[in-house]
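Here's the structure we're looking at; comments come further down.
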Amino acid sequence: MKKLELRHGLDWLLATFAILISVAVLQTFIIGKHFIIPTVLLVFAIFLGNLAWYGFKQVKWAQLFNFWCGFVLTAHCFFALFWAKKYRELLGNAFEPIAVIITLLLLVLTWFYASKNQLFKRNS
């Protein structure tokens, strides 16, 4: 199963986000009876799904885009350690350990994604 390698870590993360957003679209259409918001969410689901798909296919532009998504998400989690109010209220004393673990996991996942896919390898 070549798709379960670490080189596809961010592809799997984006695919998971796309699936979760798709479920949210169905929930808001069917249960919430909303039509505008789910349409906007559907755009994000399609966008992330395509990024994941082309990342799995080893298309370089998609892999670079996925890397930068992982980088920004890691930075978001890092800065949330210092300035997040809602997450801190929601998780209480468990916020710091959970946020540190998530930040480190995203950092490692993003680092390995770039190195395993040789995204920034210099041509000699």
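Every number here is computed from the coordinates shown, using simple stated rules; none is lab data. Note that this is a predicted model, so its numbers are computed, not measured. Here Cβ is always computed from backbone atoms with ideal geometry, including for glycine, and neighbour counts include all displayed protein chains.
Observations
- Scoring 101-108, 49-56 by mean Cβ neighbours within 10 Å over their residues and listing the highest first yields 49-56, 101-108.
- Between K116 and L20, the simple spin-label model (points 7 angstrom out along Cα→Cβ) gives 2.0 nm.
- Within straight-line reach of K116, meaning a Cα separation under 15 Å, sit the following aspartates and glutamates at least 8 residues removed in sequence or on another chain: E5, D11.
- Given +1 at the Cβ of Lys and Arg, -1 at the Cβ of Asp and Glu and no other charges, the dipole of region 1-70 around its Cα centre is 140 debye to the nearest 20.
- Stretching the chain fully between I37 and V100 yields a gain of 19.5 nm (0.36 nm per residue, less the alpha carbon separation).
- Number of Lys-Lys pairs in region 1-92 with C-alpha atoms under 23 Å apart and a separation of 8 or more places or on different chains: 4.
- For region 2-116: rounded, prolate or oblate by the Cα gyration tensor [a/c cutoff 1.5]: oblate
- Region 2-116 - percent relative contact order, Cα under 8 Å, separation 6 or more: 33 percent
- Equivalent-ellipsoid semi-axes of region 79-119, from the Cα gyration tensor, Å, largest first: 28, 9, 6
- Dipole magnitude of the chain, debye to nearest 20 (Cβ charges: Lys/Arg +1, Asp/Glu -1, about Cα centre): 360 debye
- With θ taken as phi - 60° and the Karplus curve 6.51 cos²θ - 1.76 cosθ + 1.60 applied, the whole-hertz 3J(HN,Hα) list for region 86-95 is 5, 4, 5, 5, 5, 9, x, 5, 7, 4 Hz, x standing for glycine and proline.
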